[in-house]
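What follows is a set of notes on a single structure, which appears directly below.
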Amino acid sequence: MKTADDAIRRAIIEDYRVLGEAPEADLQGLVQLAATVCGVPTAVINLIDDRFQHQIAAVGIEPAVCSREDSMCAVVFRKPGHTVVTDASLDERFAGNPFVTGEIANVKFYASSPLITPMGVPIGTICIFDEVPRELPEDESAALALIARQIVDVLELRRITRELGESNEQLENFAAQVAHDLRNPLTALTGYIELAADVPEVAGLPAASRALARAESVADRMSGMIARLLDYARIGGSPIRRTAVDVEPLVASTMEDLRSAGEDNGAEVTVEASVPVQADPTLASVLVQNLVGNAVKFAGTGGRLPRVVVSVGTVASGVRIVVDDNGPGVPVAERELVFEPLERGSNAEAPGCGIGLATCRRIVESHGGRLGIDDSPLGGARIWVVLPSA
């Protein structure tokens with residue numbers, strides 16, 4: 001009779017999505033390790049639901065499925081601790097089991113360690129067996145318990161990675177729908193503003209023309225913010241395509257875009273890039289655009305002439321990109337805050353919506369890198385990024 005525990009166990013096992021699939025390389029490696037460490041010819045990872053025992057990785061036999069009634073591990077996997085049986089044919093729990101009698105196999109020595117999920121639910125075992133009786137020394141027994149925990153870690157990591165991918169896809173789809181729903185009325189509003197600005201009666205009224213120009217500017221900023229929010233949501237949803245990327249051309253194209261938009265503030269930008277970075281070229285371009293664009297924007301507040309230095313060099317853990325500016329800097333108390341979406345810190349003079357640095361963080365983390373803010377020798381902020389070499 002199926003119990004609530006059986007239903008929970010079956011749901012957890014199904015959520016791992018390993019049943020009916022070829023053995024995972026990591027799981028196959030662990031079952032091979034168990035056989036080698038314990039000096040036995042056969043080792044198996046079993047997941048046991050309310051009806052079947054599923055061998056999801058094995059050494060010494062081909063993985064198969066059997067009924068729960070025929071499973072040796074089903075007798076003991078819900079009990080805490082190891083099970084070690086020197087000769088199963090002499091153990092009343094297993095003497096009549098088809099794995100022992102020769103109907104399926106001829107097991108004599110049998111040992112297993114339960115697979116316990118982080119929620120405390122036993123879902124199966126790592127078991128080892130041999131056709132001759134033997135003992136299991138204490139160190140080998142401890143190793144078997146450790147391997148059992150590692151198997152659960154691999155299953156959990158597989159599940160979490162899949163769920164994160166699905167979550168990123170849902171976020172991207174949601175952001176795309178929201179962006180679409182917001183852009184349509186915004187486009188219509190911009191069109192009406194342009195039509196109103198072309199009306200002769202309005203064109204002859206300076207105050208009305210200025211108001212319409214401000215409204216059009218606000219609409220443009222809203223459109224840009226929607227685009228940046230969509231870009232932010234999309235980062236991390238696709239595999240990273242690493243290649244060697246030169247930073248200097250990315251800085252040059254960023255400054256060209258800023259000059260074309262009249263947003264370069266007359267900045268003096270210097271690049272000292274001795275090595276390329278290993279990164280996704282599209283994401284690297286977005287990263288540099290945001291870092292350099294932010295530096296130019298904030299360094300130009302208060303009417304100062306921005307000075308920005310971009311340097312790229314090797315460090316022990318990879319390649320470091322540093323962007324220094326001569327702006328007002330970022331107070332220590334705000335250096336973590338400004339990496340959050342829609343947060344701009346206390347410097348409200350500079351234009352923007354607070355998405356740039358949050359986007360940089362997602363890009364860097366998707367590459368397995370790190371970033372942070374320090375004081376710059378130029379007097380402003382230093383934003384540094386370290387990306388792994390491989």
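The values are calculated or read from the model by the stated rules, or taken from the named source; none is laboratory data. Keep in mind that what you see is a predicted model, and the values were worked out from it rather than measured. Cβ placement follows ideal geometry from the backbone for every residue including glycine, while neighbour counts extend to all protein chains displayed. To get the accessible areas, we keep the full protein, side chains included, count just its heavy atoms, and leave off ligands, DNA and RNA. Shrake-Rupley method; radii C 1.70, N 1.55, O 1.52, S 1.80 Å.
Things worth noting here:
- Pairs, first under 14 Å from S285 (Cα atoms) in the range 359-376, second among the polar types (S, T, N, Q) and buried (at least 20 other Cβ atoms within 10 Å of the Cβ), C-beta under 6 Å, six or more apart: T359/N290; C360/N290
- Among the conditions (1) open to solvent by less than 60 Å² (accessible area, probe 1.4 Å); (2) over 17 Å from P98 (Cα atoms), H54 misses just one, which is (2).
- Candidate set: the range 269-287, residues that are at pLDDT 85 or above and loosely packed, with under 13 Cβ neighbours inside 10 Å; chosen: the one nearest to the chain's Cα centre (by Cα): E272
- Comparison of R93, R78 shows that the only residue that is more than 38 Å from the chain's Cα centre (by Cα) and either open to solvent by 10 Å² or more (accessible area, probe 1.4 Å) or among the acidic types (D, E) (or both) is R93.
- Residue list for the range 6-32, filter: open to solvent by 80 Å² or more (accessible area, probe 1.4 Å) and under 25 Å from S141 (Cβ atoms): D26, Q32
- Among residues of the range 62-75 that are over 15 Å from A105 (Cα atoms), those with a Cβ under 7 angstrom from a residue that is open to solvent by 50 Å² or more (accessible area, probe 1.4 Å), sequence gap 6+ or separate chain, pair up as R68/R51; R68/F52; V75/R93.
- Evaluating T254 against the criteria (1) modelled with pLDDT under 80; (2) closer than 30 Å to V319 by Cβ; (3) polar (S, T, N, Q) leaves one unmet condition, (1).
- The range 16-49 - residue that is in contact (Cβ under 8 Å) with a residue 40 or more places away in the chain and of a type in the set (D, E) and, of those, nearest to F99 (Cα to Cα): D49
- Condition met for T314 (surrounded by fewer than 17 Cβ atoms within 10 Å (Cβ to Cβ), at pLDDT 85 or above and hydroxyl-bearing (S, T, Y)): yes
- Among all positions in the range 128-141, there is at least one residue which is farther than 22 Å from R93 by Cα, open to solvent by 40 Å² or more (accessible area, probe 1.4 Å) and part of a helix (DSSP H, G or I).
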